[in-house]
Amino acid sequence: MDISVVIPLYNEAESLPELEAWIRRVMDQNGFSYEILFIDDGSTDDSWEVIERLKKDNQAIRGVSFRRNYGKSPALNTGFARAQGDVVITMDADLQDSPDEIPELYRMIKEDGYDLVSGWKQKRYDPLSKTLPTKLFNATARRVSGIHNLHDFNCGLKAYRGKVVKRIEVYGDMHRYIPYLAKLAGFNRIGEKVVHHQARKYGKTKFGLDRFVNGYLDLATLWFTGKFGGKPMHFFGLLGSLMFFLGLVAVILVGAIKLWNLHHGNPYTLVTSSPYFYIALVTMILGTQLFLTGFLGELVVRNSTRRNEYEIETEIK
């Protein structure tokens, strides 16, 4: 099969017939063998009934309906697990992503050799309250992930080589960072394509401003697990040792100052009267706790059944 189109959706009943007809027209015009996977993320409207009706006219349609709303990441992960195409295309169900982009995305994967191609909505039809935070968010993601050629990490329109979606796990709200997840999994051939962005035709957006706050927290999580997930002692142990050493030096200095004043007959105060003494003690305690955190993290990693699982590209026997 050439292409799997994975479409997560939540309360998009009005747009589904138009979207399915558009995708089918593009696939037929280009002679692609394909499947469409609708992942209904616990819709409360009649989205699932619409999908069942569409299935009667198009046997390329497959669907999954969640019992409740879990979020976009679980929906994508479920679709990825079921996708059978050589190339997997993801797009949103709100008609803001154009299926006319599919042939070129497919070509970039198959002919140009990319593992992942992310869409870039260079001209957006969103309010300023959404576009400005998005620019800041993407700039931070580029800096942290090291994927400097992407301008729009969160664009729903993406193309993947089939094996990429089988090697990554999208959970929580990590759909914003799928290119980063792919990079961490060893897929470094990541490209970008300017895509057409359309104004929303039906309904309203399902995302609020809280996604930007959560997005930065998720980015920090990915950065840490990608860099120190297999060696937590390198982070916590180093930071803890440094803090303990600084606290120890501070305690010695406080004590030495008192002894120097005592030896020279100068006025002095009790060590316990100095606020620096307590700051130093707290620093030493925190350093010890961080060191122990790293040690416990190493024990967890050492006892993980997946500690020696690696992504092997090829093997000669």
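Odds and ends about this structure:
- Between the helical axis of 210-228 and the longest alpha-carbon principal axis of the chain there is an angle of about 70 degrees.
- Kirkwood hydrodynamic radius over Cα pairs of the range 1-106, then Stokes diffusion coefficient at 25 °C and 0.890 mPa s, in µm²/s: 181 µm²/s
- Residue of ALA21, ALA159, ALA93 that the Gaussian network model of the chain assigns the largest fluctuation, springs spanning Cα pairs under 10 Å: ALA21
- Pairs over the 26 Å Cα-Cα cut-off, from the set LYS56/LYS163; LYS56/LYS158; LYS72/LYS135; LYS121/LYS227; LYS121/LYS231: LYS56/LYS163; LYS56/LYS158; LYS121/LYS227; LYS121/LYS231.
- Comparing THR225, THR269, THR288 in a Gaussian network model of the chain (Cα springs below 10 Å), the most mobile by mean-square fluctuation is THR269.
- Among LEU157, LEU281, LEU37: highest mean-square fluctuation, GNM of the chain, C-alpha pairs under 10 Å: LEU281
- Normalised Debye scattering of the range 22-169 at q = 0.10, 0.17, 0.18, 0.19 Å⁻¹ gives log10 I(q)/I(0) of -0.39, -1.15, -1.27, -1.38, counting only Cα atoms as equal scatterers and leaving out solvent.
- Probe 1.4 Å - accessible area at TYR278, Å² to nearest ten: 110 Å²
- Crossing angle, helix 47-57 versus the chain [Cα axis fit, 0-90 degrees, rounded to tens]: 40 degrees
- More than 15 Å apart - percent of Cα-Cα pairs taken over the range 138-187: 42 percent
- Simple label model, 7 Å out from Cα along Cβ direction - GLN122 to LEU248, nm: 5.8 nm
- A crude spin-label estimate for the pair LEU259 and THR44, with each label 7 Å from Cα along the Cβ direction, gives 7.1 nm.
- Principal-axis tilt of helix 233-263 within the chain, Cα atoms, nearest 10 degrees: 20 degrees
- Calculated diffusion of the chain, Stokes-Einstein form, Kirkwood radius summed over Cα pairs, 25 °C and 0.890 mPa s, µm²/s: 108 µm²/s
The values are calculated or read from the model by the stated rules, or taken from the named source; none is laboratory data. Since the model is a prediction, treat every value here as computed from it, not as a measurement. Positions of Cβ are backbone-derived with ideal geometry, glycine not excepted, and every protein chain shown enters the neighbour counts. The protein model used for the area step is the full one, side chains on, heavy atoms only, and it has no ligands, DNA or RNA in it. Shrake-Rupley method; radii C 1.70, N 1.55, O 1.52, S 1.80 Å.
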